[in-house]
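Engineer: If you scroll down you'll find the structure; I have some questions about it.
The values are calculated or read from the model by the stated rules, or taken from the named source; none is laboratory data. Everything quoted here is computed from the prediction, not taken from an experiment. Glycine gets a Cβ as well: all are built from the backbone with ideal geometry, and neighbour counts include every protein chain shown.
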């Protein structure tokens, strides 16, 4: 199992619990400070059969092509779902950020797909309401799968 955008670790610890100390769990976080928090949370929860990495998805995809049965992508997003909880989230929001996040999410999904075994399952989520980052990103990802050079080999 791969949790590609794992910090602070809520999804990861839930996944680990469901795995019942069996299998291999790779958890990744792009930002070093968040990766440290993720690692601390994994240790605090006593999860011993997981590895925490701090890497970009493309580099992981080079090392783990077609490797994982399951991939979780709780993607970084523009954070519209946080507006009621975090005033700074609404202050930082912009259309440009939505577009940048959608492009970044598509790149993450592309590499997540490369790491998925044929017949595996990929879960994608965000905490935003933006169609560009949700339906739009998924639609573009599915179009990528349909192209001859897309990821169709990984989804048989």
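Engineer: Confirm whether residue 47 is touching a helix residue (DSSP H, G or I) at 6+ places or on another chain (Cβ under 7 Å), free of Cβ contacts under 8 Å to residues at least 40 places away in the same chain and either within 21 Å of residue 27 (Cβ to Cβ) or not in a helix (DSSP H, G or I) (or both). Lay out the reasoning, then the answer.
Structural biologist: Working: touching a helix residue (DSSP H, G or I) at 6+ places or on another chain (Cβ under 7 Å): yes; free of Cβ contacts under 8 Å to residues at least 40 places away in the same chain: yes; either within 21 Å of residue 27 (Cβ to Cβ) or not in a helix (DSSP H, G or I) (or both): yes.
So residue 47 fits the description; yes.
Engineer: A further question on this structure: For region 56-89, enumerate the residues that are touching a helix residue (DSSP H, G or I) at 6+ places or on another chain (Cβ under 8 Å), over 16 Å from residue 133 (Cβ atoms) and assigned to a helix (DSSP H, G or I).
Structural biologist: The answer is 57, 58, 60, 61.
Engineer: Could you please find all residues in region 1-35 being assigned to a helix (DSSP H, G or I) and either under 16 Å from residue 112 (Cα atoms) or touching a strand residue (DSSP E or B) at 6+ places or on another chain (Cβ under 9 Å) (or both)?
Structural biologist: Step one: list which residues in region 1-35 are assigned to a helix (DSSP H, G or I), which gives 10-19, 32-35.
Selection gives 10, 11, 12, 15, 16, 19, 35.
Engineer: Could you say which residue among 137, 128 is farther than 20 Å from residue 62 by Cβ, crowded, with 19+ Cβ neighbours inside 10 Å, at pLDDT 90 or above and in contact with a helix residue (DSSP H, G or I) (Cβ under 7 Å, 6 or more places away or on another chain)?
Structural biologist: Unique residue meeting the criteria: 137.
Engineer: Take residue 58 and decide whether it is under 18 Å from residue 31 (Cα atoms), touching a residue at least 24 places away in the same chain (Cβ under 8 Å), surrounded by fewer than 14 Cβ atoms within 10 Å (Cβ to Cβ) and out of contact with any strand residue (DSSP E or B) (no Cβ under 8 Å at 6 or more places or on another chain). Outline the logic, then answer.
Structural biologist: Numbers: under 18 Å from residue 31 (Cα atoms): yes; touching a residue at least 24 places away in the same chain (Cβ under 8 Å): yes; surrounded by fewer than 14 Cβ atoms within 10 Å (Cβ to Cβ): yes; out of contact with any strand residue (DSSP E or B) (no Cβ under 8 Å at 6 or more places or on another chain): yes.
So residue 58 fits the description; yes.
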